[in-house]
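Have a look at the structure below before the remarks.
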Amino acid sequence: MYWKKTRRLTLKATVLALLLPGLAGIIAVELSLTRADALEAANAAYDRSLLGAIRSLDLNVSTASGGLSVELPYRLFEFFQLTARGDVYFRVATADGLVEIGSPDLPKPPALPAIGTPVFYDATYLGDAVRVGTYVRLLEQPLSSSGVRELVIQVAENLANRREFIRSFMWRATLRDGSLIALVGLGLAGLMAWAMRPLSVLAAQVAGRSDADLRPLESRGLPADVQPLVEAVNRQMARTQAVLQRERAFLDDASHQLRTPLATLRAQIDYGLRETDPQQWRHTLQALSQQLDDAVRSTHQLLAMARSDTVALQPAAFDLGDFLRTVALKLLPQARARSLDFGVEPPAAGTPAQARGDATLLGEAFGNLVHNAIVHSPAQGKVTLGAAADGFGCSLWVRDEGPGLDAAVQPRIGQRFVKGRGSNGAGLGLAIARNIAERHGGTLVLEPAGDGPGLLARLWWPSAGLPADGASA
């Protein structure tokens, strides 16, 4: 398709490619109308000349001798023939054709004209195209035995002169309109080049930047309909810059978090190599196992944090009761190892139990909250998991009997690498949970579990507003 090919052109070339054919079509229609008007005007002018010749013949028709005679005004007729610049024919006859003078076989009109009203029509005579004028008037007395009194006067001229006039007129009109199209095209090209200068300056500004330069583009001086595009690009660049800053900070913090356990592992191995007592070796291996567990969990949380930042949400409906049981079964071995009273409170019967969200990411977030509750609860303590849903949103909560939040770090809880008291982790669990909640349009709430010790961590997100497909929220 023609318009599809224009997509590969520049904006200026596209405008010209779409506009100029339309102008050419308009001019073609205008030329067609001009030709029709020129033909009508030429016929009107030349028909008046034909009518003048008919009137001259009529004034010189005589029936005084009892017959028909024409005193032809040769000078006038020669002038008319010279003006016509072609062959001229005439015929004067009665309507029955019994008496006639001139060219007897001139083409007759389709029907005899009304008396006193001349008619003009195109015909072919002697192989040439001619224009014929026919006029009928009454005689004072009939000239033949048939009693016909109508006198028919015809004058015909060759159409070459008219066609030459129309051809010349149309040629001048075509040159005029063609020149107009060329001028319009040049004017449009110049105006487009002038109008596109701000975009060219913007393109040069972007091309001259380094790869790391994410400063906002300058929108002053740009056309009003281009400024929204520049503003959208600036917003995208700001988001990209924020992502890059987070990634740089994350890499710096992650490298620090991984270097510390690796250095500890190295020190413990060196210590164990110097020992000769098998019992000390056993203690060293136990310490190494614990340190490896911490390193593995830190690495897993770092990967989970990176995934929670970049992976696209895959929202779908799921059952809150099934979700709670899945998380509880996954962490049940850790709870048993600490002899905890580990229970689940699913939504009450008759209340909504359906939720919508990315169950995989929500499981990662809620699993971190439950893991923290298990780790910080005292041995033989109580950890309870629960869920609820209503018309406003859905929530997942876990309640423990641990020491609760440290007032010094409470304002910063949920930030990366911020840890509460007694924590041996990397400080990423709550950050992951908060990030996933915010990506669902929700929030993470941490509050005292009640009058006694303990913490209630609640993950809440709205029921509506999530995309229906896999797009990132």
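Show the residue pairs meeting these rules: Cβ distance below 6 Å; 6+ apart or different chains; first residue within region 432-453 and farther than 23 Å from Arg246 by Cβ; second residue at pLDDT 85 or above and acidic (Asp, Glu).
Pro453/Glu401
Which numbered condition in (1) of a type in the set (A, V, I, L, M); (2) at pLDDT below 75; (3) part of a strand (DSSP E or B) is the only one that Ala123 fails?
(2)
Applying the selection to region 376-400, what residues are at pLDDT 90 or above and in contact with a Lys or Arg (Cβ under 6 Å, 6 or more places away or on another chain)?
Thr384, Ser395, Trp397
Arg399: within 21 Å of Ala431 (Cα to Cα), assigned by TED's automatic domain parsing to the domain that holds Arg434 and among the basic types (Lys, Arg), yes or no?
So Arg399 fits the description; yes.
Could you list, in sequence order, the residues of region 155-165 that are touching a helix residue (DSSP H, G or I) at 6+ places or on another chain (Cβ under 6 Å) and modelled with pLDDT under 80?
Selection gives Asn161, Arg162, Phe165.
For residues that are loosely packed, with under 12 Cβ neighbours inside 10 Å and either of a type outside the set (Lys, Arg) or assigned by TED's automatic domain parsing to the domain that holds Leu244 (or both), tally how many sit in region 180-204.
Of the residues in that region, 10 qualify.
So that you can scan it fast, the table gives a plain yes or no per residue for (1) surrounded by 15 or more Cβ atoms within 10 Å (Cβ to Cβ); (2) at pLDDT below 70; (3) under 15 Å from Ser377 (Cα atoms):
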site	(1), (2), (3)
Gly402	yes, no, yes
Gln410	no, yes, no
Asn424	no, yes, yes
Pro453	yes, no, yes
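Of all the residues that make up region 186-201, how many are out of contact with any helix residue (DSSP H, G or I) (no Cβ under 7 Å at 6 or more places or on another chain) and either in contact (Cβ under 8 Å) with a residue 24 or more places away in the chain or among the hydrophobic types (A, V, I, L, M, F, W, C) (or both)?
Going through region 186-201 one residue at a time, the tally reaches 7.
With the condition kept exactly as written, say whether any residue in region 151-163 is touching a strand residue (DSSP E or B) at 6+ places or on another chain (Cβ under 9 Å), part of a loop (DSSP other than H, G, I, E, B) and either in the same structural domain as Tyr89 (by TED's automatic domain parsing) or not hydrophobic (A, V, I, L, M, F, W, C) (or both).
Looking through region 151-163, at least one residue is touching a strand residue (DSSP E or B) at 6+ places or on another chain (Cβ under 9 Å), part of a loop (DSSP other than H, G, I, E, B) and either in the same structural domain as Tyr89 (by TED's automatic domain parsing) or not hydrophobic (A, V, I, L, M, F, W, C) (or both).
Could you check region 1-114 for helices (runs of 4 or more DSSP H) lying wholly inside it with 3 or more residues that are surrounded by 13 or more Cβ atoms within 10 Å (Cβ to Cβ) and modelled with pLDDT under 75?
Those helices (runs of 4 or more DSSP H) span 11-59, 74-84.
Of all residues in region 369-387, count the ones that are without any contact (Cβ under 8 Å) to a residue 60 or more places away in the chain and within 51 Å of the chain's Cα centre (by Cα).
Qualifying residue count for the region: 2.
When the residues of region 133-150 are narrowed to those that are among the aliphatic types (A, V, I, L, M) and at pLDDT below 90, which ends up surrounded by the most Cβ atoms within 10 Å (Cβ to Cβ)?
Going through the qualifying residues, I end up with Leu143.
Return a yes/no flag: does region 160-167 have any residue that is under 30 Å from Val99 (Cβ atoms) and surrounded by 17 or more Cβ atoms within 10 Å (Cβ to Cβ).
no
The values are calculated or read from the model by the stated rules, or taken from the named source; none is laboratory data. Please read these numbers as outputs of a predicted model, since none were measured by experiment. Reconstructed Cβ throughout: ideal geometry from the backbone, glycine too, with neighbour counts over all protein chains shown.
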